[in-house]
Every structure is written in C-alpha cells, then in structure tokens.
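Inspection log for the structure reproduced underneath, given as structure tokens.
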Amino acid sequence: ILGGVAHGLSNALYEEAIFDEQGQSLASSFLDYPLPSAREMPRVEMFHLTTPSPLNPLGVKGAGEAGTLPVTAAVAGAVEDALRPFGVRVNRMPLNPARISDLIHAAGAR
C-alpha cells in the first residue's frame, strides 16, 4: 500500500516522459527523471479490514497497485479545488511548480 501511495504521488507530482524532436528521451538517468524520496512522503495511516475473496480457495487479494490511481486523482482534485478562485482546470500531469504556475497564468489569460 505504501509503495502504491509513493507511486501515485510520483505520478502526480514528478513523472513526465519528455522527448526531443528526434524522439530521444531527455531523461536518461534519475537525475533527469525525478522521483520522490522518503523525506517527501507523507505519513500514511493504514487500517486493515479483513474481507476474504470468494474467488480463490485462500481468500487472498492483490493490493500492490491499490494506492496508485486514487492518489494521483486526489492530488489533481486538491490542486484544482485550491486554485478554483483563479479559474484553474487541471488537465495535465505532473503537477510540478512550473506546471501549476502555467495553469494559473493560462487561467488568468482567459
């Protein structure tokens, strides 16, 4: 679950595939492709609710990617909600500082 949350935050705030005009990746290392560190991760409180799956004899379920999708959507929704007075509509990720600044300026130009 914690890995899924980290992955979701990374999708929302950091990860972007950028290519030059020839189609070559401009992120050839982790120096060019930032990811969140442990210091940037929020404290996550987990609660366990046992509901065995009826689909297999062990009752097990997968959970590895469970945190990824809702985190990205939650961050986008929170940013859009916070910037609603400026008329900002989030339509692209990641929501890094430069992108948020661009969204604010674009909303002001409308």
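Step by step: first the residues of region 79-110, then only those that are of a type in the set (V, I, T) and in a helix (DSSP H, G or I), then the one that is nearest to A17 (Cα to Cα). Which residue is that?
Ranking the qualifying residues of region 79-110, first place goes to I100.
Tell me yes or no: at least one residue of region 35-57 is under 27 Å from F19 (Cα atoms), aliphatic (A, V, I, L, M) and surrounded by 13 or more Cβ atoms within 10 Å (Cβ to Cβ).
Checked against the condition, which is being under 27 Å from F19 (Cα atoms), aliphatic (A, V, I, L, M) and surrounded by 13 or more Cβ atoms within 10 Å (Cβ to Cβ), region 35-57 yields at least one hit.
Criterion first (within 22 Å of G8 (Cα to Cα), at pLDDT 90 or above and not acidic (D, E)) does R39 satisfy it?
It is true that R39 is within 22 Å of G8 (Cα to Cα), at pLDDT 90 or above and not acidic (D, E).
Residues of region 42-77 being at pLDDT 85 or above, outside any loop (DSSP other than H, G, I, E, B) and among the β-branched types (V, I, T), which ones?
V71, T72, V75
The values are calculated or read from the model by the stated rules, or taken from the named source; none is laboratory data. Keep in mind it's a predicted model, so treat the numbers as computed, not measured. Ideal geometry is used to build each Cβ from the backbone, glycine not excepted, and the neighbour counts take in all protein chains shown.
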